[in-house]
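Notes follow once the structure below has been shown.
Since every read-out is calculated from the coordinates, none of them should be taken as a lab result. Remember, predicted model here, so these are calculated numbers, not experimental data. Here the Cβ positions follow ideal geometry from the backbone for every residue, glycine too, while neighbour counts run over all protein chains shown.
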Amino acid sequence: MNVLDAFWLSASVAVGIAILIVLLLRRPLDVLLVELCGTAGRARFWSVFSSVSIVLTALLGMLVCFPLSEGREWAEHPQLPLVLAAFRSSLFFLLLALGALGFILLLGIGSYERRRRYDAQRGLEPAWGGAAPPPVRS
């Protein structure tokens with residue numbers, strides 16, 4: 001087996017296992033997320049977010065462990081280590097961006113929920129009806 005075949009086999013196994021895990025977790029995770037998030041729309045977003053994160057993390061893990069040495073096994077594909085290293089770096093930063101997005105959304109949802117509970121305790125109507133975001137002020 002040459003190095004390119006080994007790479008494709010490794011990537012296929014990693015992504016295949018990740019997809020299997022996503023499929024096994026989908027229903028229980030959806031039920032839990034609807035309960036935790038409060039709305040079906042939020043739950044759908046976090047379900048997709050989690051699924052994408054699981055698959056990309058598995059792929060990044062495979063790329064981190066895959067050897068990119070300059071040995072003779074790369075002689076047939078001399079530029080492939082560079083391409084794989086660039087792919088690994090871009091995948092890392094994509095996951096970093098997803099993590100930042102998730103963190104920011106969690107902060108926003110927490111703030112929204114605190115405000116909603118505060119308004120409910122005071123018997124106030126939500127400032128924007130609870131369904132739509134507040135109007136943008138110019």
Loop only by DSSP, 16 or fewer other Cβ within 10 Å of the Cβ. Give me the GluC sites (Glu not before Pro) in the stretch 19-81 that pass, ordered by residue number.
Glu70, Glu76
Under 1.5 on a/c is rounded, so check that first for the stretch 1-87, then, if it is not, pick prolate when a/b is larger than b/c and oblate when it is not; a ≥ b ≥ c are the square roots of the alpha carbon gyration tensor eigenvalues.
prolate
With label points set 7 Å from each Cα along the Cα-to-Cβ direction at Leu105 and Trp8, the distance between them in nm comes to 3.4
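Summing -39500 (n - 2.57) over the DSSP H runs of n ≥ 4 in the chain and dividing by its residue number, what mean residue ellipticity at 222 nm do you reach, to the nearest 500 deg cm²/dmol? Walk me through the intermediate numbers first.
Working: 3 runs with 103 residues, N = 138.
So the helix-based figure for the chain works out to -27500 deg cm²/dmol.
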Using 7 Å Cα-to-Cβ label points, what is the Cys65/Met1 separation (nm, one decimal)?
1.3
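Per 0.36 nm of contour for each residue apart, how much would the distance between Leu98 and Arg72 grow if the chain were fully extended, relative to their Cα-Cα spacing? Spell out each step's value before the answer.
Working: separation 26, 0.36 × 26 = 9.36 nm, distance 3.67 nm.
Gain on stretching Leu98 to Arg72: 5.7 nm.
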How high is the relative contact order of the chain, in percent, counting Cα pairs under 8 Å that sit 6 or more residues apart?
20
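Rounded, prolate or oblate for the stretch 54-104? Axes are the square roots of the Cα gyration tensor eigenvalues, ordered a ≥ b ≥ c, and the cut-off for rounded is a/c under 1.5.
Judged from the Cα gyration tensor, the stretch 54-104 comes out prolate (a/c at least 1.5, a/b above b/c).
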